[in-house]
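See below for the structure under consideration.
The values are calculated or read from the model by the stated rules, or taken from the named source; none is laboratory data. Please read these numbers as outputs of a predicted model, since none were measured by experiment. Note that we place each Cβ from the backbone using ideal geometry, even for glycine, and neighbour counts take in every protein chain shown. Keep in mind that these areas ignore ligands, DNA and RNA; they rest on the heavy atoms of the full protein, side chains included. Shrake-Rupley method; radii C 1.70, N 1.55, O 1.52, S 1.80 Å.
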Amino acid sequence: TQSTGEERKRVDGCAIFFKKNKFSLAKEKYIDYSMLAIANSEGADDMINRVQTKDNIGICCCLDIKEPTQGARHSKLIILNTHINWDPEYSDVKLIQNIMFMNEVDAFVKEIKGSYNIPMVVCGDFNSTPDSAVIEFLLKSQISTEHSEFHGFKYHGFLKKANGECLGNKNGTKYFKHNFKLKSCYSDEMQENLKYTNYTYDFKGILDHILHSKDSLRTVGVLGGIDEDWMVRNKVTGCPNVHYPSDHLPIIAELELTNSNSR
């Protein structure tokens, strides 16, 4: 985020880094969920009282590939990063933030006059487990407006604003949607070696995720989880600690474009 003075003590932040010898920055976009909540509230209390009060953000950038391989179909790459609300009691807020995020990404693609086929990498601390509605929405490209993780909150203002943009209607059933086909870098098989990305004293589980476009990228390899025997030997029962400065552990994925050997 771009903040100064006292704001730095309380404003959320995300970053995307890239190799300057391989890419150039074509366009970037900063997404403030609190501001979006105000813009999409239409006077609805749910959006103001539950979403607007949460300080979370997302960022996206479009990179030009400086030297595409011969015969490459793509010369651009979209990278996304976000930090979603942490509180498990606010799964509805996590969902709405994520839906607003993908809606803004859709607008970003249109701004760069791109298509939904541009290779995309989605990274983030989603504070959501693999079986959550947030990840279901990302992977299945839609989620019912009546999903149990909305806890009965309707977000009517956002529904009104979103109509025709990120809202679908099938046989009278409304659902939020996005236009991207994504898959996780950590497949079910790979997740057997990754039991947690968040390792605190009272919670251990996978909350961080890397996803990518199904049709234009594929996963070459991923970083596995921390050796549990090492944790036991070093008497690590939670993070942060003297070994790890964060309660989150890093995940890494190596990707390549499906039509070339570019990584």
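Figures for the structure shown
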{"quantity": "Cα-centred dipole magnitude for the range 56-164, charges only on beta-carbon of K, R (+1) and D, E (-1), debye, nearest 20", "calculated": "540 debye"}
{"quantity": "Candidates Val122, Val232, Val51, ranked by Gaussian network fluctuation over the chain, Cα under 10 Å, top entry", "calculated": "Val232"}
{"quantity": "Residues with amide H under 5 Å from that of Leu167, placed H, sequence gap 5 or more", "calculated": "Lys177"}
{"quantity": "Karplus (6.51, -1.76, 1.60) ³J(HN,Hα), θ = phi - 60°, over the range 103-112, in Hz, Gly and Pro reported as x", "calculated": "5, 5, 5, 4, 5, 4, 4, 5, 5, 8"}
{"quantity": "Listed values [x] 19; [y] 33; [z] 29, entry calculated as percent of Cα pairs over 31 Å apart", "calculated": "[z]"}
{"quantity": "Proximal charge balance of Val93 [Cβ under 13 Å; K/R count +1, D/E count -1]", "calculated": "-3"}
{"quantity": "Cα-projected label distance for Ile16 with Ile252, points at 7 Å along beta-carbon direction, nm", "calculated": "2.1 nm"}
{"quantity": "Relative contact order of the chain, pairs being alpha-carbon contacts under 8 Å that are 6 or more residues apart, as %", "calculated": "16 percent"}
{"quantity": "The range 102-186: chymotrypsin sites (Phe, Trp or Tyr not before Pro) in DSSP coil with no more than 14 other Cβ atoms inside 10 Å", "calculated": "Tyr116"}
{"quantity": "In order through the range 198-215: 3J(HN,Hα) via Karplus (6.51 cos²θ - 1.76 cosθ + 1.60), integer Hz, x for Gly, Pro", "calculated": "10, 10, 10, 6, 10, 8, 9, x, 8, 10, 9, 9, 10, 10, 8, 4, 5, 8"}
{"quantity": "Residue among Phe23, Ile251, Ile99 farthest towards the positive dipole end of the chain, charges placed on Cβ", "calculated": "Phe23"}
{"quantity": "Highest-fluctuation residue, Pro245, Pro88, Pro119 considered, GNM on the chain with Cα pairs under 10 Å", "calculated": "Pro245"}
{"quantity": "Positive-end residue, the range 59-206 charge dipole about Cα centroid, Cβ charges, pick of Phe150, His178, Tyr199", "calculated": "His178"}
{"quantity": "Average accessible area per residue (Å²) across the chain - probe 1.4 Å, nucleic acids and ligands excluded", "calculated": "54 Å²"}
{"quantity": "Beta bridges by DSSP in the range 1-145, antiparallel share as percent, to the nearest 5", "calculated": "75 percent"}
